[in-house]
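One structure below.
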Amino acid sequence: MKHSIETIVFLSLILVYSAAVCAEETGGGAAEMARKLQDPLANISALMTDNDIQFKTGDDDTSYSFQLQPVYALDFPDRGFTFIPRAIIPIIGAAPESTFPKLGDPRPEGDSTTWGLSDIITQFFFAPKTEAKWKWGIGPQISWETRTDDKVGGPGWGAGLAGVLVGNLTEQLSFAGFLSQHWSFDGNYSTMGFQPNLYYNLKALEGAFVAYNASITANWKADSSNTWVIPLGIYAGKMFDLSNGYGVELGIGPYWNVVKPDGAADWFLKFQVNFIFPK
């Protein structure tokens, strides 16, 4: 387990160094690219990741959550809206008796970490064109039973509704809030997710920012003492312009679960490697 964490940190440092070298050679629109990734309704092509190393889960063990989140927006200016399909592809390393609130309550038994692909969720946002300060999008989401092991399973076959609100509070402070409710078709899963993403973009360093970008969840199928997960923490990142419309964003930050169910992490380290492509 220790070697796994060291390997992740080592590879992250290599990515940071490589991206920094490229950025020094090209320069350019890192700040603009960072703003686009902060806007879930932007007309972009991107591959984002959302990765957590979760400490003190289950029987005081470490668990892992890695998500691939591809997005490719389709713009329809003549019809007055943008269509944004997204996917959440979770790869889980669940320690014995650990809980992942977004997945329900797997609580895997055994004496070793269970690795596998969990259930994929696809989202489809329709965002009207607007000149207003705030914009919004709404649409359905569908979950697919793609799990490779029930110990890392999620909602299974199911559906729900998701909405997004995006706007700039100040010149440097932006907000993007996700709100979703998802149900499984078998009736065993009902979870609400709220992700209030708050970014403060730094003027002194192009493309750099500090943020809060964790998810608050409520598992309506759990008892009242195990319903909510509320993390608090801080996250810092930087976008690097690789020229010709390509960019890579790197970020890292700790979060503490101030409210959590049994088996969930005491705290976790979030790190992201996000890619933006020309469109």
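Each reported figure results from applying straightforward, stated rules to the coordinates on display, with no laboratory input. Keep in mind that this is a model prediction, so the values were computed, not measured. FYI the Cβ positions are ideal-geometry reconstructions off the backbone, even for glycines, and counts take in every protein chain you see.
At 0.36 nm per residue, minus the direct Cα-Cα distance, what do L169 and W134 gain on full extension? Give it in nm, one decimal, please.
Working: separation 35, 0.36 × 35 = 12.60 nm, distance 0.94 nm.
Length gained between L169 and W134: 11.7 nm.
Identify the trypsin sites (Lys or Arg not before Pro) of region 34-114 meeting these criteria: DSSP loop state and at most 15 other C-beta atoms within 10 Å of the C-beta. Walk me through the numbers on the way to the answer.
On the way: sites: R35, K36, K56, R79, R86, K102; in loops: R79.
Sparse-neighbourhood loop trypsin sites (Lys or Arg not before Pro): R79.
What order do you get for 122-134, 202-214, 265-277 when each peptide is scored by the mean count of other beta carbon atoms within 10 Å, highest first? Spell out each step's value before the answer.
Details: 122-134: 14.2, 202-214: 17.2, 265-277: 19.5.
The most tightly packed comes first, giving 265-277, 202-214, 122-134.
Any lysines with Cα under 24 Å of the K56 Cα? List them, leaving off those in the same chain fewer than 8 positions away.
Output for K56: K2, K102, K151, K221, K260, K270.
Can you sort M33, M192, M239, M48 by how many other beta carbons sit within 10 Å, fewest first? Before the final figure, lay out the partial values.
Details: M33 25, M192 16, M239 29, M48 19.
Sorted ascending by nearby Cβ count, the order is M192, M48, M33, M239.
Going by alpha carbons, how many degrees (0 to 90, nearest 10) lie between the helix axis of 2-26 and the longest principal axis of the chain?
Helix 2-26 sits at roughly 10 degrees to that axis.
Below 8 Å, C-alpha to C-alpha, sequence gap of six or more: please give me the relative contact order for the chain in percent.
Working: 788 pairs, mean separation 52.5, N = 279.
Result for the chain is 19 percent.
Kirkwood Rh and Cα-based Rg: tell me the resulting Rg over Rh for region 38-151, rounded to two decimals. Please list the in-between numbers first.
Working: Rg = 17.6 Å, Rh = 15.9 Å.
The Rg/Rh ratio comes out at 1.11.
By count of other Cβ within 10 Å, fewest leading, how are D119, D59 ordered? List each step's numbers first, then the result.
Working: D119 23, D59 11.
By the 10 Å Cβ count, ascending: D59, D119.
Just need the relative contact order of region 185-242 here, percent rounded to a whole number, with Cα pairs under 8 Å and 6+ apart. Numbers along the way, then the final one.
Values: 95 pairs, mean separation 19.7, N = 58.
It rounds to 34 percent for region 185-242.
Along the Cα-to-Cβ line of L198, 7 Å from the Cα, sits a label point; which residues in region 165-182 have backbone N less than 13 Å from it?
169-170, 173-177
Near K129, which lysines are there with a Cα under 18 Å away, not counting those fewer than 8 places off in the same chain?
K36
Once fully extended, how much extra length lies between D75 and T49, figured as 0.36 nm per residue of separation less the alpha-carbon to alpha-carbon distance?
Numbers: separation 26, 0.36 × 26 = 9.36 nm, distance 2.33 nm.
Between D75 and T49, full extension yields 7.0 nm more.
Hey, could you pull the Cα Rg and Dmax for the chain, both in Å?
Cα only, the chain: 18.7, 58 Å (Rg, Dmax).
With n ≥ 4 as the cut-off for DSSP H runs, can you work out [θ] at 222 nm for the chain, using -39500 (n - 2.57) per run divided by the number of residues, rounded to the nearest 500? Write out the running numbers ahead of the final one.
Details: 2 runs with 34 residues, N = 279.
Counting only the DSSP helices, I get -4000 deg cm²/dmol.
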